[in-house]
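Okay, so here's the structure we're looking at.
The values are calculated or read from the model by the stated rules, or taken from the named source; none is laboratory data. Given the structure is predicted, the values throughout are model-derived calculations rather than measurements. All Cβ positions, glycine included, derive from the backbone under ideal geometry; neighbour counts span all protein chains shown. Heads up: the accessible areas ignore ligands, DNA and RNA and are worked out on the full protein's heavy atoms, side chains in. Shrake-Rupley method; radii C 1.70, N 1.55, O 1.52, S 1.80 Å.
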Amino acid sequence: MTRRVSSLLPVLRSETQARLLAALLLQPTREASIAELAREIGADPGNLHADVQRLVEAGVLADRRVGRTRLLRADASSPLVRPLTDLLLVAYGPKPVLEEALTGEPGIESALIVGSWAARYHGQPGPPPGDVDLVVIGEPDRDAVIEKVDEASRLLGREVQVVFRSPGGWEAASDAFTRSVRERPTVELDLAEEPRS
């Protein structure tokens, strides 16, 4: 099997490893099973075991068993975790940071990261993205969303540009921008309010 090197953080050995680390290190209190992580990052659970084992042996991840389930979390005692987390925040942070910022915001039906960051996330080559482009679909309080996006921008250390579209306008794709965005890679934000394990 050919492993695709991470487009957003090419110092890591694979895109799978990068997304696995981002899922756990960018949410340091989170604990998740291999099956849950595999679904989230789009990986085969069987293939994820080797990456998990290497990261546990390196002390980056900690694990524990509950019955037959192996639960993983960031190993906060490891001197490697803080610098890795900083790198992952720059490269992979937009998705979890914007999800946390916008979850529960009334009037948002969905939100997508688009543009160069989404393209790199999906493995398209190119220079590192300088900013993050966000499309918010729905009828939210725009000022409240902009305030939350500005806070996310400060945390990420990069500008997040937000564009609003009504659900009807998004579906109709009546303007050139919407048509262009819908033809290119997007990263949908998970804004469900169910707590993660």
Report summary line: Residue count, region 79-111, condition of a type outside the set (A, V, I, L, M), more than 28 Å from Glu171 (Cα to Cα) and surrounded by fewer than 16 Cβ atoms within 10 Å (Cβ to Cβ), comes to 4
**Report entry** Residue pairs meeting the criteria (Cβ under 7 Å; at least 6 apart or on separate chains; first among the aliphatic types (A, V, I, L, M), in region 38-50; second open to solvent by 70 Å² or more (accessible area, probe 1.4 Å))
**Finding:** Ala38/Asp44
Report summary line: The correct count of residues that are among the small types (Gly, Ala, Ser), out of contact with any strand residue (DSSP E or B) (no Cβ under 6 Å at 6 or more places or on another chain) and either open to solvent by 30 Å² or more (accessible area, probe 1.4 Å) or farther than 19 Å from Gln161 by Cβ (or both) in region 112-125 is 2
Query raised in the report: Could we say that Gly123 is in a loop (DSSP other than H, G, I, E, B) and touching a Ser or Thr at 6+ places or on another chain (Cβ under 8 Å) here?
Result: yes
Report summary line: When restricted to Gly67, Gly107, Gly42, Gly93, the only residue over 23 Å from Ala192 (Cβ atoms) and not hydrophobic (A, V, I, L, M, F, W, C) is Gly67
**Report entry** Residues being outside the structural domain of Ala144 (by the TED database) and without any contact (Cβ under 8 Å) to a residue 40 or more places away in the chain - total across region 86-117
**Finding:** 1
Requested in this report: Only one of these is farther than 30 Å from Asp143 by Cβ and open to solvent by 20 Å² or more (accessible area, probe 1.4 Å): Arg30, Arg65. Name it.
Outcome: Arg65
